[in-house]
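The values are calculated or read from the model by the stated rules, or taken from the named source; none is laboratory data. Computed from a predicted model, the values in this text were never measured in an experiment. With ideal geometry, Cβ positions are generated from the backbone for all residues, glycine too; neighbour counts draw on all protein chains shown.
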Amino acid sequence: MENKSGSAKKFFVKWWNMITKETTIEALVETKDEAVQYLKDKGIRCILCGEPIWGTIEEAAKEKGFSDEEISEIVKELNELK
């Protein structure tokens, strides 16, 4: 059984169907399984010990040295994933 906050996060991302740089890693991996491999290919860790890391897409990307422009492109590409 899913808790209410997890359900609300999933609903929010699916309802808007829009990922932003402020989207949490947790909400992203709960709604777009293919995002895990995409971020891994970019060198951005999103899973640690089987659990999503804390923080947003922007925070995780900044930790790896991505620029604002690169983060915008990552977000665009994440939104294009099926």
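A few comments on the model shown:
- Here segment 20-70 is the region considered, the condition is being closer than 18 Å to Glu80 by Cβ and among the aromatic types (Phe, Trp, Tyr), and the residue that is surrounded by the fewest Cβ atoms within 10 Å (Cβ to Cβ) is Tyr38.
- Residue that is nearest to the chain's Cα centre (by Cα) [pool: residues in segment 1-19 that are modelled with pLDDT under 85 and surrounded by 17 or more Cβ atoms within 10 Å (Cβ to Cβ)]: Val13
- Test for Lys40: is it at pLDDT below 95 and in a loop (DSSP other than H, G, I, E, B): no
- Flag if Glu77 is assigned to a helix (DSSP H, G or I) and at pLDDT 95 or above: yes
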